[in-house]
Amino acid sequence: MSKFGISQPIKRVEDVRFLNGTGRYMDDTAPEGALRAFVFRSPVAHGEITTLDVADARAADGVHAVLTAAELDAASVRNQMDAAVVKNRDGSRGAAPPRPILAIDRVRYVGEPVALIVAETLAQAKDAAELIGLDVEDLPVWTTLAPGGEAIHPEAPENLAYDWAFGDAEQTEKVFAGAAHRVSLEIDDNRIIVNSMEPRGCWARWDGARMHVSFSGQGVWGLRDQIARNLGLDKGAVHVTTPDVGGGFGMKGFAYPEYFAVAEAARQTGRPVHWMADRSESMLSDNGGRDLVSVAEAAFDEDYKLIGYRVHTTSNLGAYNSGFGQNIQSELALKVLTGTYDVQDVFFAVKGIYTNTVQVDAYRGAGRPEAIYVLERLMDHAARQFGLSPWALRQKNFIPADAFPYVSASGETYDVGDFGRVLSRAEKVADLDGFAARRADSGAAGKLRGIGLCYYIESILGDPSETTKLEFTDTGKVRLYAGTQSNGQGHETVYAQILNEFTGIPMDAVEFVQGDSDLIAKGGGTGGSRSVTTQGTSIKATSSRLIENFTPFVAEELDAAPEEIDFEDGNFHARGTNKFIGLMDAAQAARDKGRDDLLVCEAETKLPGRSYPNGAHVCEVEIDPETGQTEVVRYTVVDDFGVLMNPTLAEGQVHGGVVQGLGQAIMENAAYDADGQLLTGTFMDYAMPRAIDTPFITFHSEPVPSTANPLGMKGCGEAGTVGAMAAVGNAVQDALWDRGIRRVDMPFTPLRVWSWLNRADIAAE
């Protein structure tokens, strides 16, 4: 292992430019003299457009173009977003209503794009938007998370987008009928807004032959293909890039209408066009997260072994299913629900509902938090109903360490795991034995104290393929081209560490290149914690190929046979001699001798299977019964991430994820009124966690290296949020259980907690 190789707590190299203000984000990269775009959006949730008059807006000062659906149609632009559809449980195809780039005849949620105004300045574009004449004949609004209401789309009667199921319903029912113990719980998973540090934005430039679109996203190739298709261009005529991206969290992994409209505006005006959302606009129009209601049931035998599990979930798709992350991700989510537990039979059913709100098909900061939240809240509820320790019930039902590889009831093959060991470590470092004394101290101070446990497991992979290209430059640097996309996770540091581990190339000699469809032929982008596992494996393979390619050349330089050349710590060495040459020097020698073929190396790898990070989150809360205020006072995490590429970055990822989970659990909530208007469209109405709301988070690693990739990694980017929501929820439930409160749902705001306590007190009287 070299000084700066893997598993070393190296500081993030990219932070220097981020902290000194030299980062290059969306606004920083816009072409000089670019026109500014503003999106005119629907003010109502549902209605027929009877009048759309943009003549005055077109004539306003500074305006270069106003695009509506009519202009897109006249330019032969395909005015439709892509969508994906799964089959219903009866085998029929789920609803696939078209979603326009700019509204055609009807609007279906507040904030839906209706027109794009392009002017010399943003102020002029906003002023012109005020001159647009829009009349909408209101139609009934549907915001209820259940089938019913007037159809938002004719393709979806009762607003049911899909009715999907997985598992054996008949056999699961038999298991439940014969179970010694059964429990059930209805669980709400409230809607949240992503609020990445940098809002969405893009700019586009048309040179008469090629379209260049730059956007703040999580991968360039999907958008390149969609822009080419919608604008009638060859893929080779579209260049998509991403600069530094200030947070993505899944929300920026989708294509959005604005990107296509801005690209067409650049083509029509012949000038670069730049659009950037403000915060309230983002809160109104970005894909949100969660918004699920689940009824979960578990069946146990006489010894409290889990023998059956079933969940019926209703999920909010919002107004459209473009991207359709919700139902596809739900399928993946539900398949891994039983990952840590040995279950005989499972059945999952998910209904997707269209509502007059912005689509909710993104997962903020987590891959399967909804599924884990449901399972772990139910397991905790079962333990309390049975009079069992929540810790003991989980230990009793864990898949034994000697049972791996293990095929779960839902068909997932888990390669390795030692869940019992991880939980035992968590019990010690969280000081479970000392909790009774801490609860007594809180009681003496008039507070209710609770402890909550969540044991999570994730399924990491996404696109299993990734490519790495290495290129030695004439300035003595090595460019590393990656097909993933950092949104702030520290890829630039970690990938340089991995490269240093296997080649000895100094970290300060590595130039990191990402997010460019011209320079990088293909890639999977970022999502689902796939980046380090897929890209790391590819970097290792490319490093091996690089050494293999250089070996014959180095053998000639050192006057030795190729089979006598060894490579270690960045140096080629002729065995049995004192002759050696470093890789960087060998590259310079190759350049001097015209061997440019050695200066570029590329390899693509494909992982054979998923990896399964897992771990235990332990949360303690104090509740003031007089005010309902809930405070997280202790938080402990023990994770099995396999081999850590950079322990410091992994811990930072966990800290950030935990705070996201705490935010949803304690204070975040997106609310709409009966007319589909967003009530939480600013930070005055939508609470986000601050430093004062965050406890000291203790992190421990208890690794079991994965066998699904040669580096033994498991991924860590989403784990914090996955575990945090249920840990906090179970802690709040524990604190309130003795007051007779048997169900609590996020967010645990002071008013809600106070109301539960007072209703319980009234009931007790």
* Take the residues in region 566-605 that are over 39 Å from the mean Cα position of the chain (by Cα) and among the polar types (S, T, N, Q), then tell me which one is farthest from Arg479 (Cα to Cα). => Thr577
* Of the conditions (1) in contact with a helix residue (DSSP H, G or I) (Cβ under 7 Å, 6 or more places away or on another chain); (2) small (Gly, Ala, Ser); (3) at pLDDT below 95; (4) farther than 30 Å from Gly712 by Cα, Ala75 clears all except one; give me its number. => (3)
* **Residue among Ala671, Ala650 that is among the small types (Gly, Ala, Ser) and either under 27 Å from Asn758 (Cβ atoms) or open to solvent by 30 Å² or more (accessible area, probe 1.4 Å) (or both)** => Ala671
* All but one of (1) open to solvent by less than 30 Å² (accessible area, probe 1.4 Å); (2) within 30 Å of Ala426 (Cβ to Cβ); (3) out of contact with any helix residue (DSSP H, G or I) (no Cβ under 8 Å at 6 or more places or on another chain); (4) not acidic (Asp, Glu) hold for Val633; which doesn't? -> (1)
* Given the structure, is Val86 open to solvent by less than 50 Å² (accessible area, probe 1.4 Å) and over 19 Å from Phe260 (Cα atoms)? -> yes
* To do: Among the residues of region 234-273, count how many are open to solvent by 10 Å² or more (accessible area, probe 1.4 Å) and farther than 27 Å from His491 by Cα.
  => 10
* Asked: Considering only region 150-188, how many residues are within 25 Å of Leu317 (Cα to Cα) and in a helix (DSSP H, G or I)?
  -> 4
* Structure fact -> Restricting attention to region 398-408, the residues that are acidic (Asp, Glu) and surrounded by 19 or more Cβ atoms within 10 Å (Cβ to Cβ) number exactly 0
* helices (runs of 4 or more DSSP H) wholly in region 368-448 with at least 2 residues that are touching a residue at least 12 places away in the same chain (Cβ under 8 Å) and of a type in the set (Phe, Trp, Tyr) - which ones? -> 369-386
* To do: Determine if region 336-356 includes at least one residue that is at pLDDT 95 or above, farther than 30 Å from Arg108 by Cβ, in contact with a strand residue (DSSP E or B) (Cβ under 9 Å, 6 or more places away or on another chain) and not in a loop (DSSP other than H, G, I, E, B).
  => no
* Do any residues in region 725-748 that are basic (Lys, Arg) and open to solvent by 20 Å² or more (accessible area, probe 1.4 Å) have Cβ atoms under 7 Å from those of residues that are part of a helix (DSSP H, G or I) and at pLDDT below 95, where the two are at least six apart or on different chains, and which pairs are they? -> Arg739/Ala760
* **Residue under evaluation Ala123, criteria (1) over 27 Å from Val311 (Cβ atoms); (2) touching a Pro at 6+ places or on another chain (Cβ under 8 Å); (3) without any contact (Cβ under 8 Å) to a residue 24 or more places away in the chain; (4) not hydroxyl-bearing (Ser, Thr, Tyr), criterion not met** => (2)
* Asked: Where residues in region 449-491 are of a type in the set (Lys, Arg) and assigned to a strand (DSSP E or B), which of them is most open to solvent (accessible area, probe 1.4 Å)?
  -> Arg479
* To do: Can you confirm whether region 647-663 contains a residue that is assigned to a loop (DSSP other than H, G, I, E, B) and either of a type in the set (Gly, Ala, Ser) or over 27 Å from Thr143 (Cα atoms) (or both)?
  => no
* Could you list all residues from region 426-439 that are basic (Lys, Arg) and surrounded by fewer than 16 Cβ atoms within 10 Å (Cβ to Cβ)? => Lys428
* Answer yes or no as to whether Val141 is out of contact with any Cys (no Cβ under 7 Å at 6 or more places or on another chain) and surrounded by fewer than 23 Cβ atoms within 10 Å (Cβ to Cβ). => no
* Structure fact -> The correct count of residues that are open to solvent by less than 30 Å² (accessible area, probe 1.4 Å) and under 18 Å from Thr698 (Cβ atoms) in region 615-630 is 7
* To do: Just name the residue that is modelled with the lowest pLDDT out of those in region 409-425 that are buried (at least 18 other Cβ atoms within 10 Å of the Cβ), out of contact with any helix residue (DSSP H, G or I) (no Cβ under 8 Å at 6 or more places or on another chain) and not charged (D, E, K, R).
  => Ala409
* Asked: Any chance region 152-173 includes a residue that's surrounded by fewer than 23 Cβ atoms within 10 Å (Cβ to Cβ), in contact (Cβ under 8 Å) with a residue 24 or more places away in the chain, within 30 Å of Arg205 (Cα to Cα) and in contact with a strand residue (DSSP E or B) (Cβ under 6 Å, 6 or more places away or on another chain)?
  -> no
* Asked: Which one is farthest from Lys252 (Cα to Cα) among residues in region 17-62 that are open to solvent by less than 30 Å² (accessible area, probe 1.4 Å) and over 35 Å from the mean Cα position of the chain (by Cα)?
  -> Ala60
* Structure fact -> Out of (1) closer than 29 Å to Phe260 by Cβ; (2) open to solvent by less than 60 Å² (accessible area, probe 1.4 Å); (3) at pLDDT 95 or above; (4) in contact with a strand residue (DSSP E or B) (Cβ under 6 Å, 6 or more places away or on another chain), the one Gly94 does not meet is (3)
* Got at least one residue in region 724-740 being assigned to a loop (DSSP other than H, G, I, E, B), under 22 Å from Pro390 (Cα atoms) and of a type outside the set (Asp, Glu)? -> yes
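The values are calculated or read from the model by the stated rules, or taken from the named source; none is laboratory data. None of the values given here were measured: they were computed from a predicted structure. Neighbour counts run over all protein chains shown; Cβ positions are idealised from the backbone, glycine included. For accessibility, only protein heavy atoms count, side chains too; no ligands or nucleic acids. Shrake-Rupley method; radii C 1.70, N 1.55, O 1.52, S 1.80 Å.
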